[in-house]
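Undergrad: The structure follows.
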Amino acid sequence: MVQANPPGLIDLQRALKRVLHARLATQMAMSRNTGVPQSTISKAKRGMLRRETAGTRLLLKYANSLLEPPAARPAIEKAVTGFFSAGGREAELLETITLATRLVLGRRGA
C-alpha cells in the first residue's frame, strides 16, 4: 500500500514548481537562502519526500514569500530611504539584508 504525501509536502511541491517555472529562484539559491540541501529541494519538487521536517516547512514558507512577497511596511521604506540618504549603495544594502537573513535562519536551526 502506497502512503500519500502529507498535505504540506504537496503544497511544497506545487510552490517549488511555481517558483522554478517563474524563474524566481534556482534550487541552489533556495538552498543558500534556507539552509535546506539542494538534494532535498530536488526531491521535494519531484514529490519524493515522505515526511515533513522543520526544513521543509521553512522551504515552503520561503517559496511562498517568493510567490507572494509582502508589501513593504512604512518603517522598512523609511529605513531604506535613510540608508540611501546617508550615502549607502544598493549592493551594500542587499549584502546586509542577505547576511541578516542567514543569521536569522541560523538561529532558527534551519
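Undergrad: I'd like the full set of residues that are of a type in the set (A, V, I, L, M), more than 22 Å from Arg102 (Cα to Cα) and surrounded by 14 or more Cβ atoms within 10 Å (Cβ to Cβ), limited to region 1-14. Write out each step before concluding.
TA: We begin by selecting, within region 1-14, every residue of a type in the set (A, V, I, L, M); these are 1-2, 4, 9-10, 12.
Now restrict to residues that are more than 22 Å from Arg102 (Cα to Cα): 1-2, 4, 9-10.
The answer is Leu9, and nothing else.
Undergrad: Only residues that are at pLDDT below 90, surrounded by 10 or more Cβ atoms within 10 Å (Cβ to Cβ) and under 18 Å from Met30 (Cα atoms): list them for region 69-96, please.
TA: Once the filter is applied, which keeps residues that are at pLDDT below 90, surrounded by 10 or more Cβ atoms within 10 Å (Cβ to Cβ) and under 18 Å from Met30 (Cα atoms), region 69-96 yields nothing.
Undergrad: Could you look through region 22-33, keep only residues that are assigned to a helix (DSSP H, G or I) and out of contact with any Ser or Thr (no Cβ under 7 Å at 6 or more places or on another chain), and pick out the one that is surrounded by the fewest Cβ atoms within 10 Å (Cβ to Cβ)? Give the steps one after another, and end with the answer.
TA: Just the residues of region 22-33 that are assigned to a helix (DSSP H, G or I), to begin with: 27-33.
Going one step further and asking which of them are out of contact with any Ser or Thr (no Cβ under 7 Å at 6 or more places or on another chain), we end up with 28-32.
Details: Met28: 10, Ala29: 14, Met30: 24, Ser31: 18, Arg32: 15.
Residue satisfying both the conditions and the ranking: Met28.
Quick grid of which residues meet (1) within 27 Å of Thr98 (Cα to Cα); (2) among the hydroxyl-bearing types (Ser, Thr, Tyr); (3) in contact with a helix residue (DSSP H, G or I) (Cβ under 6 Å, 6 or more places away or on another chain):
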site	(1), (2), (3)
Leu16	yes, no, yes
Val19	yes, no, yes
Gln27	yes, no, yes
Thr34	yes, yes, yes
Ile41	yes, no, yes
Ala54	yes, no, no
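Undergrad: Quick check on Val19: is it surrounded by 15 or more Cβ atoms within 10 Å (Cβ to Cβ), under 14 Å from the mean Cα position of the chain (by Cα) and not in a helix (DSSP H, G or I)?
TA: Working: surrounded by 15 or more Cβ atoms within 10 Å (Cβ to Cβ): yes; under 14 Å from the mean Cα position of the chain (by Cα): yes; not in a helix (DSSP H, G or I): no.
When the stated conditions are applied, Val19 does not pass them.
Undergrad: So Leu58 passes all but one of these: (1) in a helix (DSSP H, G or I); (2) of a type in the set (A, V, I, L, M, F, W, C); (3) exposed (fewer than 12 other Cβ atoms within 10 Å of the Cβ). Which condition number does it fail?
TA: (3)
The values are calculated or read from the model by the stated rules, or taken from the named source; none is laboratory data. All values derive from a computational prediction rather than experimental measurement. Counting neighbours? That spans all protein chains shown, and the Cβs are built from the backbone with ideal geometry, glycine included.
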